[in-house]
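Just below is one structure, and these are the notes that go with it.
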Amino acid sequence: MPDDALLTIDDLCVAYDGSNALNGVSLHIGRGELICVVGANGAGKTSLIRSIAGIVPSSRGSVRMNGIEISRRPPWDICELGIAQVAEGRQIFGALSVEDNLLIGGSLKRAKQERAGTLDFVYQLFGRLRERRHQLAGTLSGGEQQMLAIGRAIMSKPEVVMFDEPSIGLSPALTDVMFGVVKSLNDQGITVLLVEQNVAKSLALSSRGYVLENGSVVLHGSSGELLENPDVQRAYLGM
Amino acid sequence: MQRTSDQASDAKRWGAGVAVFAVLAVVGGVSSAYVISLLTIVLLFTFMGQSWNLMLGIGGQLSIGHALFVGIGAYAVAILNIKYGITPWIGLLLGAAIAGVVGAVLAWLSFRFEVRGIYFALLTIAAAEFARIMFGGWDYVGGMQGLFYPAPSGTMDLAMLRGDSQFYYFVALVLAAVGVAGTELISRSYWGYVWRAMRDDDEAARALGVRTFRHKVLVVSISAAGAAIGGGVLGLVQGSIFPDSIMGMGISVDVLIGPVVGGLGTAFGPLIGSMAAIPLHHAMGSLGDSLGIPGLNSVAYGAVLILVVWFLPDGIWPAVVRLYEAVQLPARSRISQLRKVEE
């Protein structure tokens, strides 16, 4: 395991009602890295993110952020340490305005001081959100809601952002836009954990990847290696 | 440009609020004693409804037992004042504090053990009924015979919060105005959007670092304290307190009918809902008495609820706003078209 790892996950297990969703997953993310975790539906991708975020408790294993053990901590502590997530299905607060959604994201201690500046940054990144900042978030289109979910995560001034299937439900053109945003955030120094079913595109974007099956990591390596791997090609790339 | 139009609509909202309460103040100066006493009750339930509204309409936590907090406030004021001659101002503060703590403990216990939603609502009924029975059997607070304030002397005494019915009308008017303005201010504050966020999606709020557990306890506690202040004044206005009347299910229903009829989560809803429902309730009560049909007032409540749920499911106030906008918007867009042509 490299010394410069920002987030280190070791032997993580998550169980719902006795059946294991995660079965001893180990992975690490270096500072500034963009890695992806790919796998089919039900492989445990979402459980991995929810468990790191402290939303679902882990039954075994450890998660360390900057060397601090966080696997038993509540979600707000974990947010405060600089881990943000863009949840699957976006989890937008539909009855709140776009701006209020963003302000909630920026309410953490680590982010509150610079909130006005961060808000401006988000509006620069997504001009559409500025135009619609007083509109109820529930009235936004799918792509705009995804932008809002990403903007809300940025508002917390995170070191790591975990994306849970940002391309889900988006048109191919919008998917490319969304992956472009993920890439540009990474270029600005934010570490990214990208969880995706879109294996080809996410491996093209990331430096390394992990393949998750039935709650376990079955393969990992550089994205180039994984793209060349015959098992990956057959199972996920339809070759 | 956007900012200035926001400020304009803000100013309009506050202006409308001030105008409504100014009209109500004039009404208080010129109306008959009967109308004033009825409106006093309406305004008190506007305030208590507003506190209930904060909890459900914004915080997403349902209570059907707000009589518990109303009763705590009423008894705190009455016990201190009647037994020890202490000013109701102290009683109101103490009652609000006790109710706030009781609300917080109730919320803490239920949310800690995952009692949520409708089960929490059932728990609030149980707590209110428990308190009603307990107070009924407690000699120190007068048991079922209740407590009586001395007959009003008719002279106004602000320090002891005593006066004629017009005096209490203005006390209730101030409370209602504070309730409406307070709800508006809270719902725009950090607490307001955090509470609405956790109402919408608890898990998403937690994932963003919101301590939803604390905020739920907080909103219940604030709501309980508000209801207790309303209850303290209600006891003074009525001149007597009995467990069955001040802590009974009827009070819990009276508290929630305003916001439900008027519009959940809105600043003006509870005022409009109480205006619509409570006078009807009283009128039907008197009519029922004179016709010898007891319970006609409850039938009226039922009818109003059915009509509102049927025709205006989100309440009267949102429907008024929609109507206003439907009338205004075409006119405005015509003006902006004219301006474009001129340019």
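All but one of (1) crowded, with 16+ Cβ neighbours inside 10 Å; (2) not in a helix (DSSP H, G or I) hold for B:Ala107, so report the exception by its number.
So B:Ala107 meets the others, but not (2).
In this structure, is B:Ala126 crowded, with 16+ Cβ neighbours inside 10 Å, in contact (Cβ under 8 Å) with a residue 24 or more places away in the chain and either part of a helix (DSSP H, G or I) or out of contact with any helix residue (DSSP H, G or I) (no Cβ under 8 Å at 6 or more places or on another chain) (or both)?
no
Within 15 Å of B:Ala74 (Cα to Cα), assigned to a helix (DSSP H, G or I) and either β-branched (Val, Ile, Thr) or within 14 Å of another protein chain (Cβ to nearest Cβ) (or both): which single residue out of B:Ile186, B:Ile133, B:Ile229, B:Ile222 fits that description?
Working: B:Ile186 fails: within 15 Å of B:Ala74 (Cα to Cα); B:Ile133 fails: within 15 Å of B:Ala74 (Cα to Cα); B:Ile222 fails: within 15 Å of B:Ala74 (Cα to Cα).
Testing whether each residue is within 15 Å of B:Ala74 (Cα to Cα), assigned to a helix (DSSP H, G or I) and either β-branched (Val, Ile, Thr) or within 14 Å of another protein chain (Cβ to nearest Cβ) (or both) leaves just B:Ile229.
Just a yes or no: is a residue in the range A:169-185 part of a helix (DSSP H, G or I), among the charged types (D, E, K, R) and in contact with a Lys or Arg (Cβ under 6 Å, 6 or more places away or on another chain)? Spell out the reasoning first.
Residues of the range A:169-185 part of a helix (DSSP H, G or I): A:172-185.
Okay, now just the ones that are also among the charged types (D, E, K, R), so A:176, A:183.
Applying the additional criterion that residues be in contact with a Lys or Arg (Cβ under 6 Å, 6 or more places away or on another chain) yields none.
No, that holds for no residue.
Criterion first (surrounded by fewer than 22 Cβ atoms within 10 Å (Cβ to Cβ) and not aliphatic (A, V, I, L, M)) does B:Tyr75 satisfy it? Break it down stepwise before answering.
Details: surrounded by fewer than 22 Cβ atoms within 10 Å (Cβ to Cβ): no; not aliphatic (A, V, I, L, M): yes.
Spelling it out, it is not the case that B:Tyr75 is surrounded by fewer than 22 Cβ atoms within 10 Å (Cβ to Cβ) and not aliphatic (A, V, I, L, M).
Which count do you get for residues in the range A:76-88 that are in a helix (DSSP H, G or I) and either more than 8 Å from chain B (Cβ to nearest Cβ) or more than 28 Å from A:His134 (Cα to Cα) (or both)? Working first, answer last.
So the first thing to find is which residues in the range A:76-88 are in a helix (DSSP H, G or I), and the list is A:76-80.
Now narrow it down to the ones that are either more than 8 Å from chain B (Cβ to nearest Cβ) or more than 28 Å from A:His134 (Cα to Cα) (or both): A:77-78.
So the answer is 2.
Restricting the range B:165-183 to residues that are buried (at least 19 other Cβ atoms within 10 Å of the Cβ) and under 28 Å from A:Phe93 (Cα atoms), which is nearest to the other protein chains (Cβ to nearest Cβ)?
B:Thr183
Any idea which of A:Ala40, A:Ala15 is assigned to a loop (DSSP other than H, G, I, E, B) and more than 16 Å from the chain's Cα centre (by Cα)?
Of the residues listed, the single one that is assigned to a loop (DSSP other than H, G, I, E, B) and more than 16 Å from the chain's Cα centre (by Cα) is A:Ala40.
Specify which of the listed residues (B:Leu218, B:Leu234) is more than 23 Å from A:Lys112 (Cα to Cα), crowded, with 18+ Cβ neighbours inside 10 Å, modelled with pLDDT of 95 or more and out of contact with any Lys or Arg (no Cβ under 6 Å at 6 or more places or on another chain).
Working: B:Leu218 fails: more than 23 Å from A:Lys112 (Cα to Cα).
Within the list B:Leu218, B:Leu234, the selection yields B:Leu234.
Got at least one residue in the range A:21-29 being farther than 30 Å from B:Gly265 by Cα, surrounded by fewer than 21 Cβ atoms within 10 Å (Cβ to Cβ) and within 14 Å of another protein chain (Cβ to nearest Cβ)?
Within the range A:21-29, not a single residue is farther than 30 Å from B:Gly265 by Cα, surrounded by fewer than 21 Cβ atoms within 10 Å (Cβ to Cβ) and within 14 Å of another protein chain (Cβ to nearest Cβ).
How many of the residues making up the range A:204-239 are part of a strand (DSSP E or B) and in contact (Cβ under 8 Å) with a residue 60 or more places away in the chain?
So the answer is 9.
If I ask for residues that are in a loop (DSSP other than H, G, I, E, B) and more than 11 Å from every other protein chain (Cβ to nearest Cβ), which ones from the range A:89-132 would you list?
Within the range A:89-132, A:Gln113, A:Glu114, A:Phe126 qualify.
Take B:Tyr149 and decide whether it is at pLDDT below 95, in contact with a strand residue (DSSP E or B) (Cβ under 8 Å, 6 or more places away or on another chain) and within 14 Å of B:Gly239 (Cα to Cα).
Numbers: at pLDDT below 95: yes; in contact with a strand residue (DSSP E or B) (Cβ under 8 Å, 6 or more places away or on another chain): yes; within 14 Å of B:Gly239 (Cα to Cα): yes.
Criteria met by B:Tyr149.
The values are calculated or read from the model by the stated rules, or taken from the named source; none is laboratory data. Keep in mind that this is a model prediction, so the values were computed, not measured. Counting neighbours? That spans all protein chains shown, and the Cβs are built from the backbone with ideal geometry, glycine included.
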